[in-house]
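Inspection log for the structure reproduced underneath, given as C-alpha cells.
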Amino acid sequence: MKLRTIGLRVSGVIFGLVSLGLIARLWARSEIFIGGYNLGRIPSLFVIIVTGGLSIWLARLAGPWCTETKEPPTPKS
C-alpha cells in the first residue's frame with residue numbers, strides 16, 4: 001500500500017468521525033455560540049453534508065479502483 005493511499009484513508013476516516021460527531025451533537029440538541037450568536041441547525045447540516053461528502057470522496061479515491069493502485073491496462077490485439 002502506498003503512502004498516498006494510507007493518507008487518503010486516514011483523512012477519510014477523520015472526516016467521517018467529524019461528520020458523525022456533528023450528527024451526535026444535533027441529536028443531543030446541544031447549542032453552539034460563536035461571539036454571542038447562536039449557531040442554528042442549518043449551518044450544522046451544511047457542515048455535516050460537506051464533511052460526509054469529503055469522507056466518501058476520499059474513501060473512493062483510496063479504493064482499489066484508484067489508478068495508482070491497479071495495474072495498467074494491457075493492450076488488446
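Filter the range 23-48 down to the residues that are in a helix (DSSP H, G or I) and surrounded by 12 or more Cβ atoms within 10 Å (Cβ to Cβ) and list them by number.
Answer for the range 23-48, where residues must be in a helix (DSSP H, G or I) and surrounded by 12 or more Cβ atoms within 10 Å (Cβ to Cβ): Ile23, Arg25, Leu26, Ser44, Leu45, Val47, Ile48.
Of the residues Gly40, Gly63, Gly7, Gly21, only one is of a type outside the set (Phe, Trp, Tyr) and at pLDDT 85 or above; which?
The match here is Gly21.
The values are calculated or read from the model by the stated rules, or taken from the named source; none is laboratory data. In this text, all values refer to a predicted model and were calculated from it rather than measured experimentally. Cβ: placed from backbone, ideal geometry, glycine included. Neighbour counts: every protein chain shown.
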